[in-house]
Each structure stands twice: as structure tokens, then as C-alpha cells.
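The values are calculated or read from the model by the stated rules, or taken from the named source; none is laboratory data. Note that the structure is a prediction, hence the values are computed from the model and not measured. Neighbour counts run over all protein chains shown; Cβ positions are idealised from the backbone, glycine included. All accessible areas refer to the heavy atoms of the entire protein, side chains included, with ligands and DNA or RNA removed. Shrake-Rupley method; radii C 1.70, N 1.55, O 1.52, S 1.80 Å.
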Amino acid sequence: MDTPSGTLQIWSRFAAVPCGKWAFSRLLCFKAPYFGSIRPRFVTLKPEYCEVRISKRRAVLNHLGTVHAIAMCNMAELAGGTMTEVTVPSTHRWIPKGMTVEYLKKATSDLVAVATPESAADWSQPGEYKVRVVVRNRHDEAVFQALITMWVSPKKEKA
């Protein structure tokens, strides 16, 4: 069996202590600063599942007063990428290859994004790994969904 990713080990340690989920979220945004623009809060992280929340606040709003489409794209990429990081074997690497999105309804409240695999993965050879992300409002209505295609391949051996 493959060892858990470093990210999953860090999450496990942080999530078990008071304010740990907040600290993990800040730490991840320090590593990838653009995600900090939405001030995400990780709720759950495990292989094949990631849940991230954002608050409706002025910095993520558009001219209509709803959560901006690109803020939801940012949220989807964060949830999908982090879920992929803790799912693929530690012997592999991944990178987003593409993302298709659908805006289903105005996003007028705080939001929750859930990322899960679209289908079973085959790690035996390089290939695509598809991740579904659904963003829901506080009434549990889907307001946005994305399908992110990740390219997964074995890590190159170091010389």
C-alpha cells in the first residue's frame, strides 16, 4: 500500500487540534497564494473527497452582489486539486489539464464546494483523472459545477 501524501499527513495533524483547519487553510494559501483571495476554509479532506467553504464577502462579489464566477472557479480548482493531491499515489504527480464549468444559479450566500472523482482511476499508466466539483449555497442548492481534467503520471526518478 502506498504511503499517505505529505498534504494528508499535515491535514490529519492540523484538523485534530483547535483552529487547526483554519491554520491548514492559511498554510495552503501561503504555498499557493492566489487561493488566498477567496479565504477558503477546509472542512474535510481525505482520499477521493474534499470539502471547502467560502464566505460571501465583498472581496468575492461581482457588480450584481453575488459571488463572482471566477471566485467559484478558484474554489473548484482548490478543492479538486487538493483532493487529487491526497488521492494519487505518492509515486505520481499531477497537473490540471482543463476545466469546464457550468453556472447553475446566482450564488447569493456562503458556499461549499465538494470535490470527488468522476470515475475510477488507473494509476498503472499516465492518463487523465477527472474530478467533479459541485458548489452549493446555504440552502444546499447547486449553484455551480465543474469537471476538472487532471493529467497524472509517474514522477520522474531523480538522478
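Note on segment 39-94: residues that are assigned to a strand (DSSP E or B) and crowded, with 21+ Cβ neighbours inside 10 Å total 6.
Take segment 1-26 and flag every residue that is open to solvent by 80 Å² or more (accessible area, probe 1.4 Å) and within 15 Å of residue 82 (Cα to Cα). Within segment 1-26, 9, 26 qualify.
Contact annotation: residue pairs with Cβ atoms under 9 Å, 6 or more positions apart or on different chains, pairing a residue in segment 50-76 that is closer than 25 Å to residue 96 by Cα and among the basic types (Lys, Arg) with a partner that is outside any loop (DSSP other than H, G, I, E, B) and open to solvent by 60 Å² or more (accessible area, probe 1.4 Å), are 53/41. Of all residues in segment 142-159, those satisfying the criterion of being open to solvent by 10 Å² or more (accessible area, probe 1.4 Å) and either in contact with a helix residue (DSSP H, G or I) (Cβ under 7 Å, 6 or more places away or on another chain) or not in a strand (DSSP E or B) (or both) are 155, 156, 157, 158, 159. The set of residues in segment 3-61 being among the acidic types (Asp, Glu) and touching a Gly at 6+ places or on another chain (Cβ under 7 Å) is empty.
The requirement of being more than 16 Å from residue 148 (Cα to Cα), touching a Phe, Trp or Tyr at 6+ places or on another chain (Cβ under 9 Å), of a type in the set (Val, Ile, Thr) and at pLDDT 95 or above is not satisfied by residue 43. Against the conditions (1) of a type in the set (A, V, I, L, M, F, W, C); (2) within 25 Å of residue 143 (Cα to Cα); (3) open to solvent by 30 Å² or more (accessible area, probe 1.4 Å), residue 29 satisfies every one except (3). The set of residues in segment 129-141 being over 20 Å from residue 119 (Cβ atoms) and open to solvent by less than 40 Å² (accessible area, probe 1.4 Å) consists of 135, 137.
Every listed requirement among (1) in contact (Cβ under 8 Å) with a residue 12 or more places away in the chain; (2) assigned to a loop (DSSP other than H, G, I, E, B) is met by residue 122 save one, (1). Taking segment 95-118 as the range and being open to solvent by less than 70 Å² (accessible area, probe 1.4 Å), over 23 Å from residue 26 (Cα atoms) and either part of a strand (DSSP E or B) or free of Cβ contacts under 8 Å to residues at least 12 places away in the same chain (or both) as the test, the residues that pass are 98, 101, 117.
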